[in-house]
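This report concerns only the one structure given below.
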Amino acid sequence: MGASLNNGMISMLGFLAANYLATGEQPRRAGNDHAIVSPNGMFRTADGEVAIAPSSEKLNAAGVPCDRIMTLREVFADPQVQSQEMVLSAEHPGHGEVKMLGFPIKFSEAPCRIRRPAPDLGAHTDAILSEIGYAPEEISRLREDAIV
């Protein structure tokens, strides 16, 4: 089993990555300034922006390791990210090929696999309502009344 810190961080992108992979649009940067720690946040440099988030003033004195902040285009074009299969594609009925985040943890003897794509909104409503005890005519009435 392997657990890459890089894969873990990419998996934390959540909806930001999902939107980028679906549309190709870069998300707006919201910043990450901290209310009580300084210096903390994103700072412009000649090579791009860097994020600094020290956990003590001793780290500041010793020099805090940091790197340029990459765009999602740069992240997903990175050879290590591609090698780690952090973007997966699946065929979705009615939507064609959709891209999604890969699995951050890699199991050599039990690899993670996409079994099926995410369902459309409401695709399983009838089955779920039936499972919790609603009769077919009750489900029809809920639909007629625009409740589901």
For the range 128-148, how many residues meet the condition of being aliphatic (A, V, I, L, M) and surrounded by 10 or more Cβ atoms within 10 Å (Cβ to Cβ)?
6
Sort out which residues of the range 8-31 are without any contact (Cβ under 8 Å) to a residue 12 or more places away in the chain, assigned to a loop (DSSP other than H, G, I, E, B) and of a type in the set (A, V, I, L, M, F, W, C), and write them in order of number.
Met12, Ala30
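Quick grid of which residues meet (1) in a helix (DSSP H, G or I); (2) over 25 Å from the mean Cα position of the chain (by Cα); (3) closer than 29 Å to Phe15 by Cα; (4) not assigned by TED's automatic domain parsing to the domain that holds Asn7:
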position	(1), (2), (3), (4)
Ala110	no, no, yes, no
Ala123	no, no, yes, yes
Ala127	yes, yes, yes, yes
Ser130	yes, yes, no, yes
Tyr134	no, yes, no, yes
Ile139	yes, yes, no, yes
Leu142	yes, yes, no, yes
Ala146	no, yes, yes, yes
Filter result (closer than 23 Å to Glu74 by Cα and either at pLDDT below 80 or assigned to a strand (DSSP E or B) (or both)) within the range 41-62:
Gly41, Met42, Phe43, Arg44, Thr45, Gly48, Glu49, Val50, Ala51, Ile52, Ala53
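The values are calculated or read from the model by the stated rules, or taken from the named source; none is laboratory data. Values in this document were obtained by computation on a predicted structure and should not be read as measured data. All Cβ positions, glycine included, derive from the backbone under ideal geometry; neighbour counts span all protein chains shown.
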